[in-house]
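The values are calculated or read from the model by the stated rules, or taken from the named source; none is laboratory data. All values derive from a computational prediction rather than experimental measurement. No Cβ is skipped: glycine too gets one built from the backbone with ideal geometry, and neighbour counts run over all protein chains shown.
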Amino acid sequence: MKKLIALLLVFTMMFSLMACGTQQPDPTDAPVVTETPTEATPETEAAPTTVVFTDDLGREVELPAAIERIVPTGPLSQIILYAIAPDMFVGLAAKWYSTAEGFIPEEYLNLPFLGQLYNTADLNVEELALADPQVIIDIGQTMSSGTEDMDNLQAQTNIPSVFASATLETMPQTFRTLGKLLGREEKAEELAQFCERVYSRTTSIMEQVGDNKVNAMYILGEEGLNVLAKDSYHSELIDMLTNNIAVVDSPSSKGSGNAVTMEQIALWNPDFILFAPDSIYETAAEMDTWSEISAIAKGNYIEVPEGPHNWMGTPPAVQRYLGMIWLTAELYPEYCDYDVKAEIYEYYELFYGCELTEEQYSNLTANAFLAD
């Protein structure tokens, strides 16, 4: 009897377990899955309003991220900046010469005159403040006082001030630097490539010329008694293209050059002379003191074109590439197979935004070539 009861209990437990194994789960007992809410897309960060620019003096200067208003520190800076961003000018460091008329639009000719940092040192801080530039840009020769000058200018005006170096060789990089600074990379690259092409070709030609450079001098001044001495900053182009025989103990850093005597010029006795505009090109052959100079006696002298700027410098800015195009072909035609006139037209279009007329070209080059 006890065995029977035990057996019944075993069967009862087995049926209970089977019933439990087939029981459907209660939906209310299922785990609750909570979707992780999608993170809200962060709002687009606002573009920075300022950037840090490292200039060619190694100075780190905080500038507006988008620059629209600029001022140059002097005529050299003005010429280079005009090529890339004339519409950004809010004032001029140097008044345009009368020779700029017809090449420079009236809207840029008549901008406020603010003065310059160097040379005449007539920068008008009050007028500068009224013009409200976002940045002051100095371009040119790297000087030992450059960092101090820029820091002082920035402190005095409370306007960010930067420096970019520029020589004939480094002008392409100057434009690329300015392109990044001003957001004009495409235009800067056009200008840089033009400069690279002309400079590379000119250096190649001069390698072929070798030691056969023309013995020449660059004469300035109303009386023709100033010269651009060899190894001065302003003589960079004539030193490159000729054997500049105007050698003095202390080459002047000024565009007016070194004052010399007629006796010294006679001792140098150049075979070729370039007369600056407004010098004595028209009268030299009629003057006894000059008529005996070899270049004058043989008719080997020309006048440097000017408009809107002197093609050889004064100041020594980017227009000197016109000097490379023109003077190289004039002195060494056997090595030059390019179209001088076409490249001059190209330069005026690219750097001045000016389509030269035949009359303008004829006037510019009236005394720039030796008579055939």
### Query
Any idea how many residues of the range 115-162 are over 21 Å from Thr50 (Cα atoms), in a helix (DSSP H, G or I) and touching a residue at least 60 places away in the same chain (Cβ under 8 Å)?
2
### Message
Tell me whether the range 206-222 contains one or more residues that are crowded, with 19+ Cβ neighbours inside 10 Å, among the polar types (S, T, N, Q) and not assigned by TED's automatic domain parsing to the domain that holds Ala121.
### Response
no
#### Entry: Every pair of residues 6+ apart whose Cβ atoms lie under 6 Å, when the first sits in the range 348-363 and is free of Cβ contacts under 8 Å to residues at least 60 places away in the same chain and outside the structural domain of Tyr82 (by TED's automatic domain parsing) while the second is in a helix (DSSP H, G or I) and surrounded by 13 or more Cβ atoms within 10 Å (Cβ to Cβ)
Leu356/Tyr345; Leu356/Tyr348
## Note on the structure
Reported set for the range 110-138 where residues are aliphatic (A, V, I, L, M), at pLDDT 95 or above and under 21 Å from the mean Cα position of the chain (by Cα) is Leu111, Leu114, Val135, Ile136, Ile137
### Query
Is there any pair with a first residue in the range 54-71 that is in contact (Cβ under 8 Å) with a residue 12 or more places away in the chain and a second that is among the acidic types (Asp, Glu) and surrounded by fewer than 16 Cβ atoms within 10 Å (Cβ to Cβ) whose Cβ atoms are under 9 Å apart and which are 6 or more apart or on different chains, and what are they?
Arg59/Asp151; Glu68/Asp87; Arg69/Asp132
### Query
Is the range 259-271 home to any residue that is closer than 26 Å to Tyr335 by Cα and charged (D, E, K, R)?
yes
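Can you go through Thr242, Thr203, Thr261 and tell me which one is surrounded by 17 or more Cβ atoms within 10 Å (Cβ to Cβ) and of a type in the set (S, T, N, Q)?
Criteria check complete, one pass: Thr242.
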### Message
List the strands (runs of 3 or more DSSP E) inside the range 44-109, counting only whole elements, that have at least 1 residues being closer than 24 Å to Asn124 by Cβ.
### Response
60-64, 70-72
